[in-house]
1. Given Cα pairs under 8 Å that are at least 6 residues apart, what percent is the relative contact order of the chain?
2. Just 26, 82, 43 to compare: in a GNM of the chain, with alpha carbon springs under 10 Å, which one fluctuates most?
3. Taking the simple approach of a point 7 Å from Cα along Cα-to-Cβ for both residue 6 and residue 65, what is their distance in nm?
4. Distance between the C-alpha centers of the stretch 11-63 and the stretch 93-117? Whole Å please.
5. Percent antiparallel among DSSP beta bridges with both residues in the stretch 4-116, to the nearest 5?
6. So if each residue of separation counts as 0.36 nm, and I subtract the Cα-Cα distance between residue 74 and residue 32, what length gain in nm does that give?
7. Using 0.36 nm per residue of separation minus the Cα-Cα distance, give me the extension gain between residue 57 and residue 94 in nm, one decimal.
8. If I take all pairs of Cα atoms in the stretch 4-116, what percentage of them are more than 21 Å from each other?
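Laboratory data are not the source of any read-out in this text; all were calculated from the coordinates shown. Quantities reported herein were computed from a predicted structural model and do not represent experimental measurements. Don't worry about glycine lacking a Cβ; one is built from the backbone with ideal geometry, like all the others, and counts go over all protein chains shown.
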């Protein structure tokens, strides 16, 4: 299964749902085209829902770290939700889980931003 994504924008956050596998930088190009104009808006908060992401490599990790950085530079925040399986294992080994705020479910991530409002 190749990479698929879905965007949902609310007044408090934008959810980017990733599903499938991130195997190369090229798979992220369409996502970047759609989100990079959005992530420079001041105060944009992001939820990356990885519930259906079964695999990522360094390209996916790099994308997530760059989006986190861009969000923070623009006074926003980015959190992850639904990290599990081999993706969770990779995050622990690479200590990526220390960089991100990670929630078990998208609902928990939504509550985080709702409580901050």
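1. Working: 198 pairs, mean separation 29.4, N = 117.
About 25 percent, as a whole number.
2. Result: 26 has the largest fluctuation of those listed.
3. Roughly 3.0 nm, to one decimal.
4. If we compute the Cα centre of each part, the gap is 15 Å.
5. On the way: 6 of 20 bridges.
Percentage antiparallel, nearest 5: 30.
6. Numbers: separation 42, 0.36 × 42 = 15.12 nm, distance 1.67 nm.
Roughly 13.4 nm would be gained on extension.
7. Values: separation 37, 0.36 × 37 = 13.32 nm, distance 1.10 nm.
Length gained between residue 57 and residue 94: 12.2 nm.
8. Details: 1819 of 6328 pairs.
The calculated P(r) of the stretch 4-116 puts 29 percent of pairs beyond 21 Å.
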